[in-house]
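As structure tokens, the structure follows; a few thoughts come after it.
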Amino acid sequence: MSICKKTIIETAELLRSREIGAVELTKEYINQIKKKNPDINAYVTVCENEAIKAAETAQKLLDSNEDISYLCGVPTALKDNICTNNIRTTCASKMLENFLPPYSATVYNKLQKSGAVLLGKLNMDEFAMGSSSEHSIFGAVHNPWNTAYVAGGSSGGSAAAVAADLCAFSLGSDTGGSIRQPASFCGVVGLKPTYGLVSRLGLIAFASSLDQIGPMTKDVADCALIMNVIAGYDPMDSTSVKVQAVDYLDGLEREVDDLKIVLPREFFDSALDEDVKDIIMRALKDLESGGAILSECSLPSIKNAVPAYYIISSSEASSNLARFDGIRYGYRDENAKNISDLYRRSRSEGFGREVKRRILLGTYALSSGYQDELYKKALKVRSMISREFNNAFKKYDVIAAPTCPTVAFKLGEKLDDPLKMYLNDIYTVAVNLAGLPAISVPCGKDKNGLPVGIQLIGKPFGEKLLLNIAKMIEMKAGRLQIHEEKEDL
Ligand code: GLN
């Protein structure tokens, strides 16, 4: 088995026992990227020299035999909206095509401190707006399970890189499903943490009240391990929450007695593909045989989650993206005649179609005369959704749902129909509106061999229980791996 197929924990053991050196491992991954990335298009920047240097430093730490992190020497990559000091961070946009951040995101500082080795930056939908990773100046990401299909979005590069063994783990960001949906499409584990649990400092903002960074990994234990590293209070992020540190790995396989799982009817509606539904129900039945109690409930406001999400996220985006004016940083048109011409040209040329659509929608929703009808109404829906979730959590421990209505769709299939694309998010956006944690874990494959993810939604700061249940599902369903199967044929 290629070393690049190993989980973080397996890799860490090989590094500690000196079966492989950190530099050799990094080179192995760089070779894999050179070989496979042209077909997958997950990486937009590979920082080979920096990676080798980081691996040399990690090796010294490994040799010192001090108490080192599991991540020491383990190769990783980050979604390209997470700032990395002096390493190009583009948001897959012409606007930031040559942007070298002067500082690093807190999450990257934490990974670096643990000795993780950054291999490069990962493709995405421009400014994280999309569900297919096709809206990118670098071209679409291809799903490693079948390259005619999308990898999901907006963290499609982060999911595809893990699934194709082009890094041991990655980080993505999730504003309305962008970690969970690509995780589901690519057969990897993706966790969207509770709002405020992971620092957003250095994450280029899309919709600040919804954005969260989270791990994308090959299995559940790795996901818990990364949460141990990236979670925690950051005084530099005003929305960061001070909570007691939790060891997410500890007791991951413990039995949970009397686990009350609820299936809201709105998540199992007519939009849900029958094949996907069967696979998800099988995973839930397994939990039931293990002693969990399954019930049904209704969360009526969920039906308004998609419109409320698109109003709120676009409104926040229109404000956040106002900073890209061609003056301070980012793309500038050189032929402008005057200052307003400079703004107009720079923004018209620097942003892609989908980003412009969101800015227009958001500006409209916030404009006087429409604010009450659109933005304020969306905020009311948001409160109602939160209330309904809170009430459900008074009776149940966890909510189970599909991550997406279907498996991955074909490249180009929804590109010309933004509404169809937006409807792909029906099962993910409500979680962000309510600030809750949710995980997508692979639970099987459909008849065409494409992965299916199940989504578990928890109480605020309930990540530990989510990981626990995800682990039970993984033990039944097994880890989904691509190449073994092809090699077996
Ligand atoms: N697909 C959603 C959107 O386009 C979610 C994006 C995200 O989570 N970043 O807004």
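Note on the range 136-214: along the principal axes its Cα atoms extend 35, 25, 18 Å, ordered by decreasing extent. Neighbours of residue 206 by Cβ distance under 12 Å: Lys/Arg scored +1, Asp/Glu scored -1, total -3. Distance from the C-alpha centroid of the range 386-426 to that of the range 350-380: 22 Å, rounded to the whole angstrom. Applying a length cut-off of 18 Å (Cα extent along the axis) and a mean Kyte-Doolittle floor of 0.5 to the DSSP H helices of the chain leaves no helix. For the range 41-83 versus the range 90-150, the inter-centroid distance based on Cα atoms is 16 Å. Taking Cα pairs under 8 Å and at least six residues apart, what relative contact order does the chain come out at, in percent? Relative contact order for the chain comes out at 17 percent.
Under the rule a/c < 1.5 gives rounded, and otherwise a/b versus b/c splits prolate from oblate, where does the range 381-468 land using the Cα gyration tensor? In terms of gyration-tensor shape, oblate.
For the range 323-407, the relative contact order is 15 percent, taking Cα pairs closer than 8 Å that sit 6 or more residues apart in sequence and dividing their mean separation by the residue count. Which shape class, rounded, prolate or oblate, goes with the range 10-111 when its Cα gyration tensor gives a ≥ b ≥ c as root eigenvalues, a/c under 1.5 marks rounded, and past that a/b bigger than b/c marks prolate? It is oblate, given that a/c is not under 1.5 and a/b is not larger than b/c. In a reduced charge model with +1 at each Lys and Arg Cβ and -1 at each Asp and Glu Cβ, the range 178-328 shows a dipole moment near 600 debye about its Cα centre.
Mind grabbing the base-10 log of I(q)/I(0) for the range 317-429 at q = 0.20, 0.24 Å⁻¹? Debye formula, identical points on the C-alpha positions, no solvent, two decimal places. Each listed q maps to, in turn, -1.15, -1.25.
As a rough footprinting exposure proxy, the listed residues 255, 413 were ranked by other beta carbons within 10 Å of their own, and the order from fewest upward is 255, 413. Note on the chain: helix-only mean residue ellipticity at 222 nm, from DSSP H runs of 4+ residues weighted -39500 (n - 2.57) and normalised by residue number, equals -12000 deg cm²/dmol. Where a ≥ b ≥ c are the square roots of the eigenvalues of the C-alpha gyration tensor, would you call the range 281-359 rounded, which needs a/c under 1.5, or, failing that, prolate if a/b is larger than b/c, or oblate? Prolate shape, in that a/c is at least 1.5 and a/b is the bigger ratio. Annotation note: trypsin sites (Lys or Arg not before Pro) in the range 415-489 located in DSSP loop regions with a Cβ neighbour count of at most 12 within 10 Å are 447. Dividing the radius of gyration of the alpha carbons in the chain by their Kirkwood radius gives 0.95 for Rg/Rh. With 0.36 nm allotted per residue and the present C-alpha distance subtracted, the residue 368-residue 325 stretch has 13.2 nm of extension available. Put in line by how crowded their Cβ is, counting other Cβ atoms within 10 Å and starting with the fewest, 384, 95, 1, 129 read 1, 384, 95, 129. When the pairs 36/445; 376/410; 218/377; 113/242; 303/459; 34/476 are compared against a 28 Å limit on Cα-Cα distance, 376/410; 218/377; 34/476 fall above it. In the range 40-136, Cα pairs under 8 Å separated by at least six residues give a relative contact order of 36 percent. Sorted fewest first by neighbouring Cβ atoms within 10 angstrom, 162, 381 come out as 381, 162.
Values quoted throughout were computed directly from the atomic coordinates according to the rules given, and no laboratory measurement underlies them. Just so it is clear, the model here is predicted, and its values are computed rather than measured. Neighbour counts run over all protein chains shown; Cβ positions are idealised from the backbone, glycine included.
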